[in-house]
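What follows is a set of notes on a single structure, which appears directly below.
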Amino acid sequence: MKRFFKPIEKEGSTAAKKPCLLSPEKRDGDGDGVGEEKNPKEPSKFVTWNANSFLLRVKNNWTEFSKFVSDFDPDVIAIQEVRMPAAGGKGKPKNPEELSDDTKVLREEKQILTRALSSPPFANYQVWWSLADSKYAGTALLVKKCFKPKKVYFNLDKLASKHEPDGRVILVEFETFRLLNTYSPNNGWKEEENSFQRRRKWDKRTVEFVNKTSDKPLIWCGDLNVSHEEIDVSHPEFFATAKLNGYVPPNKEDCGQPGFTPSERGRFGATMKEGRLVDAYRYLHKEQDMESGFSWSGNPIGKYRGKRMRIDYFLVSEQLKERIVSCKMHGRGIELEGFYGSDHCPVTLELSAPSSETEQKQVSN
């Protein structure tokens, strides 16, 4: 196992971190990390990252990613594409909240992940999992232990306790806002493979979700698998005319690169408008940045070399837009610098504190 995991160096790993000041009884938690008591403050620094296999990142890129986390010191880390199976099997019901250890290989892999998340700087976080039945999709959410959520859900529908298929959703409710971490399904290339239909259903449900949860401000982050405007891709013409094996969908609105078809982009814009959501990155960055303005990059070898898209987001309710201090993508260039082994780079969001007690009450109402 040691050959797969590189220990985190202690020197400098926690010196710059903001302490979480809690009384001893609060520090221990209540088992599931969920409580009803009011927090002295709420999370303000966030990271979202499609890890493209969390286990592989732990085995191969953990030292570099750990340094990134130590330097930024986020309050919340949202992960997509965990790609670890849920516990259960052989006649037992699946438990999407726990990593599987049903075989020797899975036990070793679970131990690798557990050890990594028990080491600095991650030992300071409570972890929630939402996992698929196989090594596919899945999400995770890490929240600093001093920020105790009121509730945690795993479904878009009526805040149900049942997990979203493939573990695509984790929803956390804090005192004054909700945070939604999603791994949106890829649109796919061909209608006959039902990909288009699956994505349309997902987009319909997200509109319903933002409407029914409008009682409290929302921060929605994750791999949303869509580039909203032409400015959000490096080569608009290439992506607009992209095909797979020469296939052309019967509806021209479904033509092009998944994530950049007119139908997806239109539905995404409608969801933002309906939910009164603001794209935090574009709110601050009006011009295209060809060096570090994209969150996904194609393989450095092949026809997608240098082709990049912005498909990872922080969308925030309009009530929160004046509090946006920073929203950045931390990958650069064609060679995937700052991607830590994934084809996606981390994206960060930082909010200022409410300016007054009156504003805090307005946000939470």
Discussion item. Please go through the stretch 184-202 and give me each residue that is of a type outside the set (D, E, K, R), in contact (Cβ under 8 Å) with a residue 24 or more places away in the chain and either under 17 Å from Phe268 (Cβ atoms) or open to solvent by less than 10 Å² (accessible area, probe 1.4 Å) (or both), ordered by number.
Written reply: Ser184, Pro185, Asn186, Asn187, Gly188, Ser195, Phe196
Response to the item:
Scanning the stretch 214-263 residue by residue, those of a type in the set (S, T, N, Q), open to solvent by 10 Å² or more (accessible area, probe 1.4 Å) and under 30 Å from Leu171 (Cα atoms) turn out to be Ser214, Asn225, Gln257, Ser263
Worksheet entry | All positions within the stretch 46-100 that are over 17 Å from the mean Cα position of the chain (by Cα) and in a loop (DSSP other than H, G, I, E, B) | Pro85, Gly88, Gly89, Lys90, Gly91, Lys92, Pro93, Lys94, Ser100
Discussion item. One residue is enough: does the stretch 151-168 have a residue meeting the conditions in a loop (DSSP other than H, G, I, E, B), more than 17 Å from the chain's Cα centre (by Cα), buried (at least 17 other Cβ atoms within 10 Å of the Cβ) and among the charged types (D, E, K, R)?
Written reply: no
Item to complete: Check the stretch 172-184 and report whether any residue there is within 25 Å of the chain's Cα centre (by Cα) and more than 20 Å from Leu349 (Cβ to Cβ).
Response: no
Discussion item. Step by step: first the residues of the stretch 111-130, then only those that are in contact with a Lys or Arg (Cβ under 9 Å, 6 or more places away or on another chain) and either assigned to a strand (DSSP E or B) or aromatic (Phe, Trp, Tyr) (or both), then the one that is surrounded by the fewest Cβ atoms within 10 Å (Cβ to Cβ). Which residue is that?
Written reply: Gln126
Response to the item:
Among the residues of the stretch 264-280, the number that are within 17 Å of Glu237 (Cα to Cα) and open to solvent by 20 Å² or more (accessible area, probe 1.4 Å) is 1
Worksheet item: Taking Glu318, is it of a type in the set (Asp, Glu), out of contact with any helix residue (DSSP H, G or I) (no Cβ under 8 Å at 6 or more places or on another chain), open to solvent by 10 Å² or more (accessible area, probe 1.4 Å) and free of Cβ contacts under 8 Å to residues at least 40 places away in the same chain?
Response: no
Worksheet item: Restricting to the stretch 306-336, what's the tally of residues that are closer than 18 Å to Val233 by Cα and of a type in the set (D, E, K, R)?
Response: 7
Fill in: Top-ranked residue of the stretch 71-110 - restricted to ones that are without any contact (Cβ under 8 Å) to a residue 12 or more places away in the chain and farther than 30 Å from Pro43 by Cα, ranked as surrounded by the fewest Cβ atoms within 10 Å (Cβ to Cβ)
Gly91
Worksheet item: What pairs come up if the first residue lies in the stretch 171-182 and is assigned to a strand (DSSP E or B), the second is of a type in the set (Lys, Arg) and crowded, with 23+ Cβ neighbours inside 10 Å, and their beta carbons are under 7 Å apart, counting only those six or more places apart or on different chains?
Response: Thr182/Arg168
Discussion item. Is it the case, given these coordinates, that Lys303 is modelled with pLDDT of 95 or more, surrounded by fewer than 21 Cβ atoms within 10 Å (Cβ to Cβ) and not in a helix (DSSP H, G or I)?
Written reply: no
Practice prompt. Report, by residue number, each residue of the stretch 238-280 that is modelled with pLDDT of 95 or more and β-branched (Val, Ile, Thr).
Written response: Thr241, Thr261, Thr271, Val278
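The values are calculated or read from the model by the stated rules, or taken from the named source; none is laboratory data. In this text the structure is predicted, and so the values were computed from the model without any measurement. Cβ coordinates were reconstructed from backbone atoms using ideal geometry, including for glycine residues, and neighbour counts include every protein chain displayed. Side chains are part of the model used for accessible areas, which takes the heavy atoms of the whole protein and leaves out ligands, DNA and RNA. Shrake-Rupley method; radii C 1.70, N 1.55, O 1.52, S 1.80 Å.
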